[in-house]
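Colleague: Encoded as structure tokens, here's the structure I'll be asking about.
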Amino acid sequence: MSTPNSRLILGLWRIDQWGMNSEQVADLVSACLDLGIDEFDAADIYGDYRCESMFGSALRANPALKSRVKLISKCGIALVSPARPAHRVKHYNTSGEHIIASVERSLTSLGVEKLDLLLIHRPDPLLNADEVAHTFGTLKRDGKVEEFGVSNFLPHQFELLQSRLDQPLSANQVEISLMHLNSLFDGTLDQCQRLNATPQAWSPLAGGAIARANEDTALNRALTRIGHELGITREQLAIAWLLRHPARIRPILGSGKIQHIRELAEAEQVEMDRQVWFELLEAAQGEQVP
Ligand SMILES: NC(=O)c1ccc[n+]([C@@H]2O[C@H](COP(=O)([O-])OP(=O)(O)OC[C@H]3O[C@@H](n4cnc5c(N)ncnc54)[C@H](OP(=O)(O)O)[C@@H]3O)[C@@H](O)[C@H]2O)c1
């Protein structure tokens, strides 16, 4: 029996810190596929514009992986970097020209013909919704991108872009964890649930802070205690807490260690009681719900 697809996604932001060669990254990807994790989250800018080439090299090291992985990329942030000598100031660029050029470079670096999902990385105050909609249409017609979404957009920013598009935005990738709760209360998750768009949670362990548990906080005490009661780790509990949300949040794991990824994949089997969910919310917020 094949493994059902996981709701977890593996993020590639830290790939340049994993200290792995292409074969080792390919082995990690293969192990993720065995767990049912088949989506990988990249961006043009990750690793100072080098991450996509590193992942592409892994796919070239084991070409059988290419047809099995689904790839997310992002564009729209322009870093000041030796890799982009024309950039004088960090800025956002959601012009049609920039989006198309960025996608072309991502496809070349990754060594694939099509992205499964393209996200606009950050809301751009100069975003022209008609221009972005036209550009998405071109990329779709040319077979270069299957689906489109956004990242770090507030509901009104999502709404504006959606109002000009023929196809629904399929995702909003935002920071969500027990240490970053804004999207639960600012309308983001409500909007995703209403429109059946997928909320993708970046830094679901708060960049590792939930694992490190350096401080004696109510949240850290609750994660340890409840994890112990349920017989799971505090990291599994934090991921299970996200998965329990009815908007069907998809956590994007940032680990480069297969033992960590395997452990977190087990969080998908955890059935979380409503009151446990609220106990963790209370600990995270430092007070009871009103
Ligand atoms: N759209 C955006 O604006 C945006 C912004 C930031 C990130 N992202 C995406 O979100 C992804 C995940 O972000 P993140 O890396 O901050 O996620 P995270 O899962 O919150 O943090 C990952 C970090 O936690 C560490 N960690 C320590 N103990 C761990 C344990 N027991 N289990 C798992 N991890 C443990 C990992 O180290 P080890 O490798 O040693 O396990 C890694 O350094 C990124 O790769 C990127 O794709 C998107």
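The values are calculated or read from the model by the stated rules, or taken from the named source; none is laboratory data. Note that this is a predicted model, so its numbers are computed, not measured. Neighbour counts run over all protein chains shown; Cβ positions are idealised from the backbone, glycine included.
Colleague: Is at least one residue of region 57-72 touching a residue at least 60 places away in the same chain (Cβ under 8 Å), of a type outside the set (Lys, Arg), farther than 20 Å from Val132 by Cβ and surrounded by fewer than 16 Cβ atoms within 10 Å (Cβ to Cβ)?
Modeller: no
Colleague: Kindly provide the set of residues from region 183-209 that are of a type in the set (S, T, N, Q), more than 9 Å from the ligand (Cβ to nearest atom) and either on the phi > 0 side of the Ramachandran plot or buried (at least 18 other Cβ atoms within 10 Å of the Cβ) (or both), ordered by number.
Modeller: Ser183, Thr188, Gln191, Asn196, Thr198, listed by residue number.
Colleague: Separate question: Could you list, in sequence order, the residues of region 136-188 that are assigned to a loop (DSSP other than H, G, I, E, B), hydrophobic (A, V, I, L, M, F, W, C) and farther than 30 Å from Ala209 by Cβ?
Modeller: Within region 136-188, just Leu165 meets the criteria.
Colleague: Also: Looking at region 191-218, which of its residues are under 30 Å from Glu147 (Cβ atoms) and either part of a helix (DSSP H, G or I) or β-branched (Val, Ile, Thr) (or both)?
Modeller: Gln191, Cys192, Gln193, Arg194, Leu195, Thr198, Ala206, Gly207, Gly208, Ile210
Colleague: What are the pairs with Cβ atoms under 8 angstrom where one residue, in region 179-193, is over 12 Å from Arg248 (Cα atoms) and in contact (Cβ under 8 Å) with a residue 40 or more places away in the chain and the other, located anywhere, is assigned to a helix (DSSP H, G or I) and of a type in the set (S, T, N, Q)? Sequence gap at least six, or different chains.
Modeller: Pairs that qualify, where the first residue is over 12 Å from Arg248 (Cα atoms) and in contact (Cβ under 8 Å) with a residue 40 or more places away in the chain and the partner is assigned to a helix (DSSP H, G or I) and of a type in the set (S, T, N, Q), are Leu181/Gln285.
Colleague: If you don't mind, another one. Among the numbered conditions (1) within 26 Å of Leu281 (Cα to Cα); (2) part of a loop (DSSP other than H, G, I, E, B), tell me where Asp124 comes up short.
Modeller: It is condition (1) that Asp124 fails.
Colleague: Determine whether region 164-182 contains at least one residue that is over 23 Å from Pro123 (Cα atoms) and either hydrophobic (A, V, I, L, M, F, W, C) or within 10 Å of the ligand (Cβ to nearest atom) (or both).
Modeller: yes
Colleague: Continuing with this model, one more query. Tell me yes or no: at least one residue of region 268-280 is at pLDDT 95 or above, within 13 Å of the ligand (Cβ to nearest atom) and either touching a strand residue (DSSP E or B) at 6+ places or on another chain (Cβ under 6 Å) or outside any strand (DSSP E or B) (or both).
Modeller: no
Colleague: If I filter region 133-163 down to residues being aliphatic (A, V, I, L, M) and out of contact with any strand residue (DSSP E or B) (no Cβ under 7 Å at 6 or more places or on another chain), which single residue comes out as farthest from the ligand (Cβ to nearest atom)?
Modeller: Going through the qualifying residues, I end up with Ala133.
Colleague: Answer yes or no: is there a residue in region 180-195 that is modelled with pLDDT under 95, more than 24 Å from Phe40 (Cβ to Cβ) and not polar (S, T, N, Q).
Modeller: no
Colleague: Since Arg221 meets every condition but one in (1) outside any helix (DSSP H, G or I); (2) farther than 26 Å from Ile37 by Cβ; (3) among the charged types (D, E, K, R), which condition does it not meet?
Modeller: (1)
Colleague: In addition: From the list Val289, Val276, which residue is touching a Phe, Trp or Tyr at 6+ places or on another chain (Cβ under 9 Å), β-branched (Val, Ile, Thr), surrounded by fewer than 21 Cβ atoms within 10 Å (Cβ to Cβ) and over 23 Å from Leu8 (Cα atoms)?
Modeller: Sole residue among the options that is touching a Phe, Trp or Tyr at 6+ places or on another chain (Cβ under 9 Å), β-branched (Val, Ile, Thr), surrounded by fewer than 21 Cβ atoms within 10 Å (Cβ to Cβ) and over 23 Å from Leu8 (Cα atoms): Val289.
Colleague: Let me ask another. Which one of these does Glu235 not meet: (1) more than 8 Å from the ligand (Cβ to nearest atom); (2) in a helix (DSSP H, G or I)?
Modeller: All conditions are met except number (1).
Colleague: Provide a single number: the residues in region 60-81 that are in contact with a helix residue (DSSP H, G or I) (Cβ under 7 Å, 6 or more places away or on another chain) and under 16 Å from Asp34 (Cα atoms).
Modeller: Residues in region 60-81 being in contact with a helix residue (DSSP H, G or I) (Cβ under 7 Å, 6 or more places away or on another chain) and under 16 Å from Asp34 (Cα atoms): 5 in total.
Colleague: So if I check each of Arg234, Arg262, Arg212, which one is closer than 13 Å to Met179 by Cβ, surrounded by fewer than 18 Cβ atoms within 10 Å (Cβ to Cβ) and among the charged types (D, E, K, R)?
Modeller: Result: Arg212 is the single residue among Arg234, Arg262, Arg212 that is closer than 13 Å to Met179 by Cβ, surrounded by fewer than 18 Cβ atoms within 10 Å (Cβ to Cβ) and among the charged types (D, E, K, R).
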